[in-house]
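The values are calculated or read from the model by the stated rules, or taken from the named source; none is laboratory data. These numbers were taken from a predicted model, which means no experiment stands behind them. No Cβ is skipped: glycine too gets one built from the backbone with ideal geometry, and neighbour counts run over all protein chains shown.
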Amino acid sequence: MKAAPAAQARLLDLQATDTAIAQLTHRRQALPEHAAIADGKAERARLVSDLVAARTRASDLQAEADKAEADLVPVRERRARDQQRLDDGVVNEAKSISVLTEEIAHLDRRISDLEDAELQAMEDLDEATAREQELSARLAELEASVRALIASRDEQVVQLDAEIAAQQQARDGMVGEIPADLLALYDRIRARSGGLAAVELAGRRCSGCQIEATPSALAGYGAAAEDDVLRCEECERILVRSHGRSA
């Protein structure tokens, strides 16, 4: 393939622009905020789940405490009535007094059990409420952190997108200065060689693969016409000679 030395030299400018675009794109994709935001969202999902569970437990414990208190009311009232009957002498037969006394003792035990259940429910409720408040605070703190990360990421993405757009605009202007067949060769090589297709022949060395050319290859490069498009015998990238670069 043949191409004017100036067109070959322009490939190096195109290569520099493509490398810059690739680097900027990689930076955009590799922003640490991306991973931090993903981690934060995953942690938020876990906290929300834990918070729902804590709220459910607190609600259940409140219901238990309310039920225990509600159950106590009729038992206390009955116990008070029985005690009043006993105190007032309404029951005066020995057998009836014994039955009433036993009932009062049973009601006392029942009241004690219900009060213990209520107390335990209230203690558990206090712990569950504290857990709920802790999770709520952690969730609020995490959400604020994630919002800050998103804002930082978006700011950087806008800046990088602008830089990429500027480089792409410069690239669009360059491709019109390069013959179509040379550009097609460049694009094919770039696609299969990790993005690097056009490099300088720096002395005896290909600046792409960094391997020194063999004497026979150097002789071929030296004998080639200025408009011959050279290729590295090792990596097959396009080699741009220094005279082409200065043309």
Test result for Arg190, of a type in the set (D, E, K, R) and buried (at least 17 other Cβ atoms within 10 Å of the Cβ):
yes
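Hey, can you tell me all the residues within the range 70-89 that are in contact with a helix residue (DSSP H, G or I) (Cβ under 8 Å, 6 or more places away or on another chain) and modelled with pLDDT under 90?
Asp82, Arg85, Leu86
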From Leu142, Leu114, Leu119, grab the single residue that is within 23 Å of Arg57 (Cβ to Cβ), modelled with pLDDT of 95 or more and aliphatic (A, V, I, L, M).
Leu142
Can you run down the residue pairs with Cβ atoms below 8 Å, 6 or more apart or on separate chains, where the first is in the range 222-241 and assigned by TED's automatic domain parsing to the domain that holds Ala198 and the partner is part of a strand (DSSP E or B) and among the basic types (Lys, Arg)?
Ala225/Lys2; Asp227/Lys2; Asp228/Lys2; Val229/Lys2; Arg237/Arg231; Ile238/Arg231; Leu239/Arg231
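Checking the condition under 19 Å from Leu24 (Cα atoms) and touching a residue at least 24 places away in the same chain (Cβ under 8 Å), which residue from Leu142, Leu135, Leu160, Leu125 passes?
Numbers: Leu142 fails: under 19 Å from Leu24 (Cα atoms); Leu135 fails: under 19 Å from Leu24 (Cα atoms); Leu125 fails: under 19 Å from Leu24 (Cα atoms).
That would be Leu160, the only listed residue that is under 19 Å from Leu24 (Cα atoms) and touching a residue at least 24 places away in the same chain (Cβ under 8 Å).
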Here is a check on your reading of the model: is Gln62 touching a Leu at 6+ places or on another chain (Cβ under 9 Å) and surrounded by fewer than 17 Cβ atoms within 10 Å (Cβ to Cβ)?
yes
Could you tell me whether the range 200-217 includes any residue that is surrounded by 12 or more Cβ atoms within 10 Å (Cβ to Cβ), modelled with pLDDT of 95 or more and assigned to a loop (DSSP other than H, G, I, E, B)?
no
Quick check on Ala94: is it surrounded by fewer than 12 Cβ atoms within 10 Å (Cβ to Cβ) and either touching a helix residue (DSSP H, G or I) at 6+ places or on another chain (Cβ under 7 Å) or closer than 30 Å to Asp39 by Cβ (or both)?
no
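When the residues of the range 99-158 are filtered to those that are farther than 30 Å from Glu77 by Cα and among the basic types (Lys, Arg), which remaining residue is surrounded by the fewest Cβ atoms within 10 Å (Cβ to Cβ)?
Out of the qualifying residues, it is Arg147.
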